[in-house]
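Starting off with a structure, shown below.
The values are calculated or read from the model by the stated rules, or taken from the named source; none is laboratory data. Just so you know, these numbers come straight off a predicted model, no measurement behind them. As a convention, Cβ positions derive from the backbone with ideal geometry for all residues, glycine included, and neighbour counts pool all protein chains shown.
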Amino acid sequence: MITVSVDEAYAFDMLSILEVKDNLAHSSDTNKNYRKMRDEIILQIGLEKFGQVKCSLDYSTLVLQNTLIYQMVNEVKLLVDQDSLACKIDAANYQRFLIKKEIQKKWFEKELKETKHGY
């Protein structure tokens with residue numbers, strides 16, 4: 001595992017995406033990833049600041065927006081022709097995930113912690 005510097009808002013967006021995936025997919029892997037990211041954020045900004053952001057209307061709105069995006073992507077996959085641009089974008093995004101998974105396994109000899117649901 002490597003650590004990279006990202007803006008705090010970016011980290012909370014990533015956390016909210018893991019929260020959405022956990023809420024919708026109820027995956028133990030997603031839940032573990034959520035808890036790990038949450039703990040890493042807390043270590044860096046402190047429990048008080050984390051709690052302030054996590055309990056804020058801003059964060060709730062971010063979770064809601066990511067939930068809407070997740071639902072819209074799933075809806076598009078069900079409603080449109082497989083040759084549509086939306087399906088091609090989704091398929092390309094999934095291929096990107098498979099490539100990341102292979103890089104992780106081949107070069108770092110452990111499984112990718114990220115999960116994709118719906119495939």
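Please work out which residue is surrounded by the most Cβ atoms within 10 Å (Cβ to Cβ), limiting yourself to region 63-87 and to residues that are within 18 Å of K116 (Cα to Cα) and charged (D, E, K, R).
Out of the qualifying residues, it is K77.
Give the number of residues within region 4-40 that are assigned to a loop (DSSP other than H, G, I, E, B) and closer than 14 Å to E114 by Cβ.
1
Another one. If we keep just the residues of region 19-62 that are closer than 18 Å to V6 by Cβ and within 12 Å of the chain's Cα centre (by Cα), which is surrounded by the fewest Cβ atoms within 10 Å (Cβ to Cβ)?
Here the answer is M37.
Can you say whether T61 is β-branched (V, I, T) and either in contact with a strand residue (DSSP E or B) (Cβ under 6 Å, 6 or more places away or on another chain) or at pLDDT 80 or above (or both), as far as the supplied structure shows?
yes
Do you know which of the residues in region 101-119 that are over 21 Å from S16 (Cα atoms) and of a type in the set (K, R) is nearest to the chain's Cα centre (by Cα)?
K101
Taking region 1-14, which residues are closer than 20 Å to E111 by Cα and within 11 Å of the chain's Cα centre (by Cα)?
M14
Working only within region 41-99, note down all residues that are in a helix (DSSP H, G or I), under 15 Å from D13 (Cα atoms) and hydroxyl-bearing (S, T, Y).
Of everything in region 41-99, those that are in a helix (DSSP H, G or I), under 15 Å from D13 (Cα atoms) and hydroxyl-bearing (S, T, Y) turn out to be Y59, S60, T61, T67, Y70.
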